Structure formats: structure tokens, C-alpha cells
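The values are calculated or read from the model by the stated rules, or taken from the named source; none is laboratory data. As the structure is a prediction and not an experimental result, all values here were calculated from the model. Keep in mind that these areas ignore ligands, DNA and RNA; they rest on the heavy atoms of the full protein, side chains included. Shrake-Rupley method; radii C 1.70, N 1.55, O 1.52, S 1.80 Å.
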Amino acid sequence: MSDVEGTPGLESGVVTLAVLREAGRLPPPDVLEKAVALPIIDCLEDIPCTPCRDVCPTGAITMKTMINRPELNWDACTGCTLCAQACPGLAISLVNYNFGRKSLKRPGYEDYSLVMIPYELLPIPKKGDRVNVLDRAGKLLGEAEVFSVTRSAKFGTVLVNVLVPQSIAFEVKHVEVKAQ
Ligand code: SF4
Ligand code: SF4
């Protein structure tokens with residue numbers, strides 16, 4: 001039996017930013033300055049599942065026991081994205097918060113983040129496509145450019161990487177191919 005009842009704020013079944021913040025799942029300001037993709041782990045239930053912990057090359061993800069939820073040490077995370085590739089529940093997205101300012105350097109995109117979303121539907125969006133971006137409740141937040149699409153050689157997981165304003169970077173959790 002899961003431990004949803006033990007996580008205040010999860011009664012609705014939709015993880016909110018407030019719940020993630022309370023659980024330490026949103027990066028603190030100093031960590032946001034790292035020019036890497038940081039994992040946002042929406043997994044807040046105690047379940048017997050360990051791929052994210054097992055694949056992490058730096059030991060940044062730990063669990064009290066194998067049936068407990070993952071804990072992340074922000075300082076140890078290098079942004080390799082392996083945990084998101086390995087998670088069978090698509091519970092981990094990644095946010096490179098200062099991607100526009102530090103890496104993209106495209107005029108007008110200084111306040112944009114790169115958000116990396118695990119995706120298992122068809123058709124798979126392509127680089128340059130415009131897609132809808134949705135929050136954790138499925139609410140439409142707007143549309144975004146697909147900056148790149150990667151497929152994990154080890155796990156087969158597709159990550160759709162979209163450019164979004166920093167103001168919604170932590171809200172975006174799903175992408176949706178726009179109707180033709
Ligand atoms: S992004 Fe890489 S280093 Fe960071 S927690 Fe995930 S697997 Fe570990
Ligand atoms: S692999 Fe995914 S579902 Fe499993 S414990 Fe880690 S975050 Fe949760």
C-alpha cells in the first residue's frame with residue numbers, strides 16, 4: 001500500500017509546486033545558478049522502486065530503504081539526466097533554469113529555461129516543432145519550441161526538451177503535439 005495519505009497536499013492526486021517545495025524537490029537559488037539540467041522528482045510515495053537511485057553516478061539520489069521515496073542531494077547532482085531516463089514512471093523531468101542566459105545566448109531568450117520532459121506517446125515531436133505545454137493537472141500553460149529531442153541509448157526513454165519562460169519552468173510537466 002502506498003503512503004499517499006502520509007504526504008500532506010497529495011490528497012487530490014495532483015502534485016503541486018507547494019508540495020514539491022515543502023518536500024525539498026525544487027532547487028534552492030544557489031543551485032539554480034548551475035548551468036545544468038536539474039531533476040524535478042515528482043515521486044512522493046513510498047514504493048518499492050529504485051532505478052533512479054541505482055543509475056545515479058554520483059550518489060545524489062538516496063533512499064532510507066528500497067521501499068522509501070527518493071531523496072536528492074542537490075550539491076552532488078551533475079545534471080547527467082540518467083535518473084529521468086531510468087524512471088519507469090516518467091516521474092522525473094529536468095529544468096536547466098538559466099539555459100537562455102548561460103548556454104543558448106539567442107537574443108530575446110535570456111529569461112528562458114530548458115525543460116526536459118520524458119515522453120512516451122506517438123507521434124514524437126521534432127526539433128523546431130511548436131508544442132503545447134501543460135502543468136501537472138493537465139492545464140494548458142501555452143506553447144513552446146522544441147529545442148531538441150533525445151532518446152536514451154540505455155533505456156529507450158525519449159526526452160522532449162522545450163524552451164519556456166523561467167516564470168513557468170517548474171510548472172511545465174507535459175508536452176502535447178498540437179492538432180494539425
Ligand atoms: S541528473 Fe544525474 S547526477 Fe543528478 S540526480 Fe539524476 S542521475 Fe544523479
Ligand atoms: S525510478 Fe521513478 S518511480 Fe521509481 S523511485 Fe525513482 S522517481 Fe520514483
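Of the residues ASP135, ASP42, ASP111, the one that moves most in a GNM of the chain with alpha-carbon contacts below 10 Å is ASP111. Per-residue ellipticity at 222 nm from helix content only, as computed over the chain with -39500 (n - 2.57) for each DSSP H run of at least four residues, stands at -2000 deg cm²/dmol.
Rounded to the nearest Hz, the phi-derived 3J(HN,Hα) couplings of region 28-41 under the Karplus curve 6.51 cos²θ - 1.76 cosθ + 1.60 (θ = phi - 60°) are x, x, 5, 6, 4, 5, 4, 8, 9, 7, 9, x, 10, 9, where x marks glycine and proline.
Compared with the direct C-alpha span, the chain from TYR109 to SER148 gains 12.5 nm at full extension, assuming 0.36 nm per residue. A straight Cα-to-Cα reach below 22 Å connects LYS173 with the lysines LYS34, LYS126, LYS127, LYS139, residues fewer than 8 places away in its own chain not being considered. Accessible surface area normalised per residue over the chain is 51 Å², counting heavy atoms of protein chains with a 1.4 Å rolling probe.
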